[in-house]
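Each remark here refers to the structure printed beneath this line.
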Amino acid sequence: MTFSRRRFLGAGATLAGAGMAGVPTQRTNGATRQAPTQVTPSTLPPIELIALNRIAYGPRPGDIGRVQGMGFAAYVDEQLNPNDADDALCNQKIAEARLRIQYNAGMGYPAVDEMRPLRTIVENWSLTQLWSLSKNPAYQERIRPVEEVRAATLLRAVYSKWQLREVLVEFWHNHFNVDAYSDSRISATWTLYDRDVIRRHCLGNFRSMVRDVAKSIAMGFYLDNAFSRDGPANENYARELFELHTLGQENYLNHLYNRWRDVPGALEGNPVGYIDQDVYEAARAFTGWTIAHGQTVSGNIRLPDTGEFAYVDLWHDNAQKRVLAFEIDPNQPPLSDGETVIRLVSEHPGTARHICRKLCRRLLADDPPDSLVNALASVWLTHKNAPDQIARTVRALLLSDEFANTFGSKVKRPFEVIVSFLRATNADVTPNSGLFWQLQEMGYRMFNWGPPTGHPEESAAWLSTNGMLRRWNIINQLQSTWLKAATFDLPGQTPAGLTSRQIVEFWIARLLAIAPPPSTINRLVDLMRQNGSADAPPTGSAEEMTDRIRSVVTLIAMTPEFQLR
């Protein structure tokens, strides 16, 4: 029996089908979706593997031994204190990288084929430079910053030593979702939102992050608060501030609408949730919070066209307001009532539970136990004024028994599938528009998700039949000659002198946290050995060995076990 491309593809379909046949299904909104395989306590992987698949985008070669050597708790503490200067490989990759932006001339955009240094935008440009770029008549220039941030984000996810920070940056971008391509002023200044808001605060103080999000160019234009003024106020930002950014829908007492006195705890100054009246009043508090983009204030008074945050008192509703049963006096200094709203919602116990539950859904399971959520919420509220409030809460989550005693109740989202494969195979990555297009086809629209809800976190949302097919296809496409997003040396990483079985075991250990069933392993060994013995080194030409190893690695990455975290 000889190896052929057709046999490889047939084996891939058989193996994938056999593997997915054992995955239970569940129904969501009327559609049948495949649910992730549950891992029993007796088959739990070591804590190092659990951590590297949850608070990192999967292990790179050497990561498991490093974490084992330093101890899990020490690794967590290290990750919670990232130091950019101590990230040599990632810094080198970003410094060397070039993003080739390609546009379809048929869409009306001029073809661009230039190699641009990432450092130009990502690290050095000021607000003044970026804001002027938003006026550029060429579309490809206006979106250049967000395109380069996407490339840098991918490179950091693959190469950065500070993996937990990258995971949390993705989490907070999704939590405070903005469609960067919805407005040229957003896309041209996206570096500032990513660097000075999300990355700056991802392990810091939540109230400070909410405040800087509210004042950002990105959120100001995305949810229209830059245009909000008295009579009547625009409610878009205030609505999402309550519903998505802080208290969440779980604390929305819709049936009470505007009857604030009926909200449990309101008369004592501690309402358990929010109602529409809170949203309306909060929207009034944020009137006059805008971005200076040359708009007329009154008569011949105009704001400068600089992109800086600005407060226009003439647009502000100065009347008395009541938010979450707190009376906001009308005689406030500039910005004070908006800042008061941010404090009220950021420090509310409902917000603590909502955010801690979301962190658990990202780092643990879709349905985390209430006991853990409540324990984390207590940590959150105790340290509400701490500059490292988020880091303290995340640390409590990662060192909990629940974190160490569960695995496989979540599946990777498309971005995680790609990055974890690139990390495990030690690939040399070149971000390009084709790769981000493939991600979009998989349903993951990096910085381009339209609704303010952000990408869904629940696993069921990513397990449609078409979604699984695209997951399998991307593993092949990453290694294709046409995508040109990465290069691999899989034979060079395979130790010499191994038997066919040992080669399979070597790559299973590199790619998977838990071993696949024996039947799957046997199929992989059969593919590797061809007509030879499973317990002898495989024979064949160098080209044949390259094809077999590539095929084995590809098939391992197509197994259900590779999808779990």
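The values are calculated or read from the model by the stated rules, or taken from the named source; none is laboratory data. For clarity, every value in this text was computed on a predicted model and none was experimentally measured. When we count neighbours, we look across all protein chains shown, and the Cβ atoms used for this are built from the backbone with ideal geometry, even at glycine. Remember, those area values only see protein heavy atoms, side chains included, never the ligands or the DNA or RNA. Shrake-Rupley method; radii C 1.70, N 1.55, O 1.52, S 1.80 Å.
Please enumerate the residues belonging to region 349-367 that are farther than 18 Å from F176 by Cα and buried (at least 19 other Cβ atoms within 10 Å of the Cβ).
L364, A365, listed by residue number.
Just for region 114-130: of the residues that are open to solvent by less than 10 Å² (accessible area, probe 1.4 Å) and either closer than 20 Å to I217 by Cβ or not in a helix (DSSP H, G or I) (or both), which one is modelled with the lowest pLDDT?
Here the answer is I121.
Please state which one of S420, S519 is of a type in the set (S, T, Y), assigned to a helix (DSSP H, G or I) and open to solvent by 60 Å² or more (accessible area, probe 1.4 Å).
Details: S420 fails: open to solvent by 60 Å² or more (accessible area, probe 1.4 Å).
Only one candidate passes the filter, namely S519.
Is it the case, given these coordinates, that R239 is in a helix (DSSP H, G or I), out of contact with any Phe, Trp or Tyr (no Cβ under 9 Å at 6 or more places or on another chain) and closer than 26 Å to E327 by Cβ?
Spelling it out, R239 is indeed in a helix (DSSP H, G or I), out of contact with any Phe, Trp or Tyr (no Cβ under 9 Å at 6 or more places or on another chain) and closer than 26 Å to E327 by Cβ.
Considering only region 201-222, state which residues are within 21 Å of R392 (Cα to Cα), open to solvent by less than 20 Å² (accessible area, probe 1.4 Å) and in a loop (DSSP other than H, G, I, E, B).
Within region 201-222, C202, G204, N205 meet the criteria.
For region 265-301, enumerate the residues that are open to solvent by less than 50 Å² (accessible area, probe 1.4 Å), assigned to a strand (DSSP E or B) and of a type in the set (G, A, S).
A292
Only residues that are open to solvent by less than 50 Å² (accessible area, probe 1.4 Å) and outside any loop (DSSP other than H, G, I, E, B): list them for region 522-553, please.
L524, V525, L527, M528, M545, D547, R548, I549, R550, S551, V552, V553 - these are the residues of region 522-553 that are open to solvent by less than 50 Å² (accessible area, probe 1.4 Å) and outside any loop (DSSP other than H, G, I, E, B).
Just the residues that are touching a helix residue (DSSP H, G or I) at 6+ places or on another chain (Cβ under 7 Å), under 18 Å from P334 (Cα atoms) and at pLDDT 95 or above, please, taken from region 280-307.
Once the filter is applied, which keeps residues that are touching a helix residue (DSSP H, G or I) at 6+ places or on another chain (Cβ under 7 Å), under 18 Å from P334 (Cα atoms) and at pLDDT 95 or above, region 280-307 yields A282, A283, A285, F286, T287, G288, W289, T290, I291.
Hey, could you check region 442-477 for residues that are farther than 22 Å from H175 by Cα and either among the hydroxyl-bearing types (S, T, Y) or under 17 Å from the mean Cα position of the chain (by Cα) (or both) and say which is surrounded by the fewest Cβ atoms within 10 Å (Cβ to Cβ)?
Looking at the filtered set, the residue picked out is T465.
Could you tell me whether region 133-142 includes any residue that is out of contact with any Ser or Thr (no Cβ under 7 Å at 6 or more places or on another chain) and surrounded by 23 or more Cβ atoms within 10 Å (Cβ to Cβ)?
No, the conditions are met nowhere in region 133-142.
Table: residues versus (1) in contact with a Cys (Cβ under 7 Å, 6 or more places away or on another chain); (2) closer than 24 Å to I47 by Cα; (3) among the aliphatic types (A, V, I, L, M).
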site: Q479; (1), (2), (3): no, no, no
site: L490; (1), (2), (3): no, no, yes
site: G497; (1), (2), (3): no, no, no
site: S500; (1), (2), (3): no, no, no
site: A509; (1), (2), (3): no, yes, yes
site: P517; (1), (2), (3): no, yes, no
site: N522; (1), (2), (3): no, no, no
site: V525; (1), (2), (3): no, no, yes
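Need pairs with beta-carbon distance below 6 Å; first residue within 25 Å of D370 (Cβ to Cβ) and open to solvent by 10 Å² or more (accessible area, probe 1.4 Å) and within region 223-251, second at pLDDT 95 or above and among the charged types (D, E, K, R); sequence gap 6+ or separate chains.
Q249/E243
If I328 satisfies every condition in (1) in contact with a strand residue (DSSP E or B) (Cβ under 9 Å, 6 or more places away or on another chain); (2) of a type in the set (A, V, I, L, M, F, W, C); (3) surrounded by 15 or more Cβ atoms within 10 Å (Cβ to Cβ); (4) closer than 28 Å to W131 by Cβ but one, which is the exception?
Of everything listed in (1) in contact with a strand residue (DSSP E or B) (Cβ under 9 Å, 6 or more places away or on another chain); (2) of a type in the set (A, V, I, L, M, F, W, C); (3) surrounded by 15 or more Cβ atoms within 10 Å (Cβ to Cβ); (4) closer than 28 Å to W131 by Cβ, I328 misses just condition (4).
Identify the residue in region 492-505 that is surrounded by 17 or more Cβ atoms within 10 Å (Cβ to Cβ) and among the hydrophobic types (A, V, I, L, M, F, W, C) and, among all such residues, is nearest to T559 (Cα to Cα).
Here the residue is V504.
Among the candidates I198, I186, single out the residue that is of a type in the set (A, V, I, L, M), in a helix (DSSP H, G or I), in contact with a His (Cβ under 6 Å, 6 or more places away or on another chain) and modelled with pLDDT of 95 or more.
Going through I198, I186 in turn, just one is of a type in the set (A, V, I, L, M), in a helix (DSSP H, G or I), in contact with a His (Cβ under 6 Å, 6 or more places away or on another chain) and modelled with pLDDT of 95 or more: I198.
Restricting the first residue to region 298-317 and requiring it to be touching a residue at least 24 places away in the same chain (Cβ under 8 Å) and more than 21 Å from L133 (Cα to Cα), which pairs with a second residue that is among the aliphatic types (A, V, I, L, M) and not in a strand (DSSP E or B) meet a Cβ separation below 7 Å and a spacing of at least six or different chains?
Cβ pairs passing all conditions: Y311/L335; D317/A233.
What is the residue count in region 302-312 for residues that are open to solvent by 30 Å² or more (accessible area, probe 1.4 Å), touching a Gly at 6+ places or on another chain (Cβ under 6 Å) and closer than 20 Å to G231 by Cα?
Adding up the residues that qualify gives 1.
Could you list, ordered by first residue, the pairs with Cβ atoms under 6 Å in which the first is in region 122-146 and touching a residue at least 60 places away in the same chain (Cβ under 8 Å) and the second is not in a helix (DSSP H, G or I), at least 6 apart or interchain?
L127/G307; L130/T189; W131/G307; V146/A180; V146/F447
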